[in-house]
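Here the structure comes first, spelled out in structure tokens, and everything after it is commentary.
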Amino acid sequence: MSKVLSTLRYSAEHEWVDGSSPARVGLSQIAADALGDVVYVDLPEVDAEITAGEACGEVESTKSVSEIFAPVTGRVVEVNQEAVDNPALLNTDPYGAGWLFTVEVSEEGPLLSAQDYASTNGGDVE
């Protein structure tokens, strides 16, 4: 079963966000497992303004192409170039080296607790 970290909050679209400033954003293990082998990641540019609930990037796997939705509104501060260069990190370490970008948050979107996200999507909270 896919793990859900208790220290993070999640969007209904399977992105996670931590509590740091700037906030780090990534894709949940549940999403990575559902996608299969991730082969390409397209992330927003540094300084781009993103809006909670709106598409801000793309993840392509051997099975499908999925949009990345912003879990928060704000300005992108940093993009994880390592994940762009090695998209398999989203599968092998979605909560660590496979993070996507950081953002200076001006407003949060509707976020779920780890428990609510796990109960809706069938993950194990750790």
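The values are calculated or read from the model by the stated rules, or taken from the named source; none is laboratory data. Please read these numbers as outputs of a predicted model, since none were measured by experiment. With ideal geometry, Cβ positions are generated from the backbone for all residues, glycine too; neighbour counts draw on all protein chains shown. Note: areas computed on protein heavy atoms with side chains; ligands, DNA, RNA excluded. Shrake-Rupley method; radii C 1.70, N 1.55, O 1.52, S 1.80 Å.
For this structure, a couple of remarks:
- For region 74-114, a residue qualifies if it is farther than 25 Å from Glu126 by Cα and in contact with a strand residue (DSSP E or B) (Cβ under 6 Å, 6 or more places away or on another chain), and the qualifying residues are Gly74, Arg75, Val76, Val77, Glu78, Val79, Val84, Glu104, Val105, Ser106, Glu107.
- Of the residues making up region 75-89, those that are buried (at least 20 other Cβ atoms within 10 Å of the Cβ) and either more than 15 Å from the chain's Cα centre (by Cα) or in a strand (DSSP E or B) (or both) number 1.
- Odd one out for Glu45, checked against (1) outside any strand (DSSP E or B); (2) in contact with a strand residue (DSSP E or B) (Cβ under 6 Å, 6 or more places away or on another chain); (3) open to solvent by 80 Å² or more (accessible area, probe 1.4 Å): (2)
- Of all the residues in region 9-18, those that are open to solvent by less than 20 Å² (accessible area, probe 1.4 Å) and either under 12 Å from Gln29 (Cα atoms) or among the β-branched types (Val, Ile, Thr) (or both) number 4.
- Subset of region 51-74 (residues that are open to solvent by 20 Å² or more (accessible area, probe 1.4 Å), over 22 Å from Gly19 (Cβ atoms) and not acidic (Asp, Glu)): Ala55, Thr62, Lys63, Ser64, Val65, Ser66
- Residues of region 19-42 that turn out to be surrounded by fewer than 20 Cβ atoms within 10 Å (Cβ to Cβ) and of a type in the set (Val, Ile, Thr), as a count: 1
- Lys63 falls short on exactly one of the conditions (1) in contact with a strand residue (DSSP E or B) (Cβ under 8 Å, 6 or more places away or on another chain); (2) at pLDDT below 95; (3) not small (Gly, Ala, Ser), and that condition is (1).
- Single residue of Val72, Val77, Val39 found to be touching a residue at least 24 places away in the same chain (Cβ under 8 Å), among the hydrophobic types (A, V, I, L, M, F, W, C), out of contact with any helix residue (DSSP H, G or I) (no Cβ under 8 Å at 6 or more places or on another chain) and farther than 28 Å from Met1 by Cβ: Val77
- Taken together, the residues in region 99-121 that are of a type in the set (Gly, Ala, Ser) and surrounded by 20 or more Cβ atoms within 10 Å (Cβ to Cβ) amount to 3.
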